[in-house]
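The values are calculated or read from the model by the stated rules, or taken from the named source; none is laboratory data. If you're wondering where the values come from, they're calculated on a predicted model, not measured in any experiment. A quick note on method: Cβ atoms are made from the backbone with ideal geometry, for glycine too, and the neighbour counts reach across all protein chains shown. Accessible surface is based on the protein model in full, side chains and every heavy atom, while ligands, DNA and RNA are left aside. Shrake-Rupley method; radii C 1.70, N 1.55, O 1.52, S 1.80 Å.
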Amino acid sequence: MVEPHVTLDPNSLSPVEEKLRGPLEKQLSSALQAATERVCDEYAGEPVDEVATELLDETKSGLHRDIADGFVPDQRELRRVAEAIVREA
């Protein structure tokens, strides 16, 4: 099972975001991990790109709207998680 973790780039954070970095990373990681579990459980042979889209949608649905709106994950990392889901199925 894939256990993704979100790490925010400190160079791209505002001062307020930097102060909240730890809790924000924890919340984003938790939402991504829950999304990964749901997508794994419902996986039915979809291609990697579709799985990556599902991961992002599921992750954002588990976040407060303001946080979800600002969450732009590294697409390469999201694809890496999607590839792991497809490979492990």
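Taking label positions 7 Å along the Cα-Cβ direction at both LEU8 and ASP66, the computed distance is 1.2 nm, reported to one decimal.
Based on protein heavy atoms only, the range 15-88 ends up with 64 Å² per residue of surface accessible to a 1.4 Å probe. The phi torsions of the range 14-19, fed into the Karplus equation with coefficients 6.51, -1.76 and 1.60 and a -60° offset, translate into couplings of 6, x, 5, 4, 5, 5 Hz, rounded to whole numbers, with Gly and Pro shown as x. With the simple spin-label model, which puts each label point 7 Å out from Cα in the Cβ direction, the GLU37 to ARG21 separation comes to 2.8 nm. Of the residues LEU56, VAL86, VAL39, the one whose Cα sits farthest toward the positive end of the charge dipole of the chain, with +1 on the Cβ of Lys and Arg and -1 on the Cβ of Asp and Glu, is LEU56.
Under a model in which nothing but the beta-carbon of Lys, Arg (+1) and Asp, Glu (-1) is charged, the range 1-60 shows a dipole of about 440 debye around its Cα centre. Dividing the summed -39500 (n - 2.57) terms of all DSSP H runs of n ≥ 4 by the residue count of the chain sets its mean residue ellipticity at 222 nm at -21500 deg cm²/dmol. Report, in whole Å, the centroid distance computed from the Cα atoms of the range 41-64 and the range 69-89. Between the Cα centre of the range 41-64 and that of the range 69-89, the gap is 9 Å. Of the labelled figures (1) 40, 18, 10; (2) 35, 15, 10; (3) 25, 12, 11, only one reflects semi-axes √(5λ) of the Cα gyration tensor in Å as derived from the coordinates, namely (3).
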